[in-house]
1. Roughly how many Å² is the accessible area per residue of region 106-147, as a whole number, for a 1.4 Å probe?
2. Working with all protein chains in place, sort 5, 132 by solvent-accessible area computed with a 1.4 Å probe, largest first.
3. So how far apart, in nm, are the two label points at residue 150 and residue 172 if each is 7 Å from Cα heading toward Cβ?
4. Note down the relative contact order for the chain as a percent, whole number, built from C-alpha pairs under 8 angstrom at least six residues apart.
5. Taking 0.36 nm per intervening residue step and subtracting the Cα-Cα distance, what contour gain separates residue 121 from residue 159 on full extension?
6. Can you give me the relative contact order of region 1-58 as a percent, contacts being Cα pairs under 8 Å and 6 or more apart?
7. Considering the chain as a Gaussian network with a 10 Å cut-off on Cα pairs, which listed residue, 71, 62, 135, attains the greatest mean-square fluctuation?
8. May I ask you to evaluate 6.51 cos²θ - 1.76 cosθ + 1.60, the Karplus curve with θ = phi - 60°, for each residue of region 157-169 and list the ³J(HN,Hα) values in order in whole Hz, giving x for glycine and proline?
Amino acid sequence: MTAPFALAYVGLGSNLGDRAATLRAAAEELRAGAAPQTELLRCSPVFETRPLGPSLHPFLNAVVELRTRLAPEALLAELLALEARHGRTRRERWEARTLDLDLLVMTTDGRPLRVASERLVLPHPELSRRDFVLAPLAALRPDLRPDGSATTAELLAALPAESRTILAHGAAPLC
């Protein structure tokens, strides 16, 4: 039996090297089938954000919407492989990175999938506190209810000023 399609929302970030080129390349690789049984549907605009933690370099962030038949952990494995192909190393939390891909939310039939494993938690546990993923996610799907309650637009509006990191955003979508 074929697995049903799910919609997956993936946060892309980069704060090393040619950040914009890296994000575009990652989106193009997803469009070209970097993850099997997965199709890139849409991309958000790109947002420039100040980094969290000790990194000194600002990030570029965006979100892509994928349609996939992969299970959440299988999709995560494909995303981690894509990061590695772009030179991502994972040594410590909050480090600067060439490419960061975070699986934020997956839905089937409009309902969010809930996953709690050693490797993956869905919806992403930090989603409601991070404007650098909420803003691009809301640009794509302001009506999406990542945890089944508040929409992305409502979560973004409720974020306190001291938690905001966005420095600038572009009008054109990443892809």
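The values are calculated or read from the model by the stated rules, or taken from the named source; none is laboratory data. Quick caveat: nothing in here was measured; it's all calculated off a predicted structure. Here the Cβ is made from the backbone with ideal geometry for all residues, glycine too, and neighbour counts use every protein chain on show. For accessibility, only protein heavy atoms count, side chains too; no ligands or nucleic acids. Shrake-Rupley method; radii C 1.70, N 1.55, O 1.52, S 1.80 Å.
1. 51
2. Putting 5, 132 in descending order of accessible area: 5, 132.
3. A separation of 3.4 nm, rounded to one decimal place.
4. This gives 31 percent for the chain.
5. Stretched fully, the residue 121-residue 159 segment lengthens by 11.5 nm.
6. Relative contact order of region 1-58: 23 percent.
7. Between 71, 62, 135, it is 71 that shows the largest mean-square fluctuation.
8. Per residue, the Karplus-derived 3J(HN,Hα) values read 5, 7, 5, x, 4, 5, 9, 7, 10, 5, 9, 6, 9 Hz.
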